[in-house]
Amino acid sequence: MAKHVPAARKEYTWESENPYYEKKKYPEPTVCEDCGAVYRDGRWQWPQEGENFGPDVNKALCPACRRKRDKYPGGFVYLSGSFFKEKREEIMNRINNTVEEITAQRPLHRILWIKETEDGVEIATTTERFARHIGEAVYSAFKGELDVNYNENEKLARVFWRRDLP
Ligand SMILES: [Zn+2]
């Protein structure tokens, strides 16, 4: 299986009309009809427990749910190497903990998919920052080699982490 790279990404000017633009403004409050996140104080947040906005609240798809629907990641993390194969469970657990912690705080930072590749695992994230963050968490816990590529035109980060057994 080859590394998955999106073949054709739609062109956006990356301004407020772009549905994936995380800084886009919405009327407040706006509730995501898919995940229930609420836009207020200028950002997407999880609602308070038991909070109810009523049937007339403004609804939209949040940028993370749009990316999920369109399979349009903002970042990729590629994990590989013989050390990764050996410690895979431990490394993936570490990643899951990081993901849970961050997604609980920041609803737009999410994992879109985790896929097997020829030599490891590919993780697609909604944002480039989240991909970086995951790469840095793995690197700080397990050392190895970390390489971050950011493509300004595509607004896409590719984070490569690799460690081999000595
Ligand atoms: Zn959503």
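Of note:
- Flag if PHE53 is at pLDDT 95 or above and surrounded by 12 or more Cβ atoms within 10 Å (Cβ to Cβ): no
- With respect to (1) in contact (Cβ under 8 Å) with a residue 40 or more places away in the chain; (2) outside the structural domain of PRO27 (by TED's automatic domain parsing), the lone exception for TYR150 is condition (1).
- Checking each residue in region 32-50 for being farther than 13 Å from LEU108 by Cα and surrounded by 11 or more Cβ atoms within 10 Å (Cβ to Cβ) picks out GLU33, ARG40, PRO47.
- Only a single criterion out of (1) over 23 Å from GLU89 (Cβ atoms); (2) assigned to a loop (DSSP other than H, G, I, E, B) is not satisfied by PRO166, namely (1).
The values are calculated or read from the model by the stated rules, or taken from the named source; none is laboratory data. Computed from a prediction, not measured in an experiment: that's the story for all the values here. Positions of Cβ are backbone-derived with ideal geometry, glycine not excepted, and every protein chain shown enters the neighbour counts.
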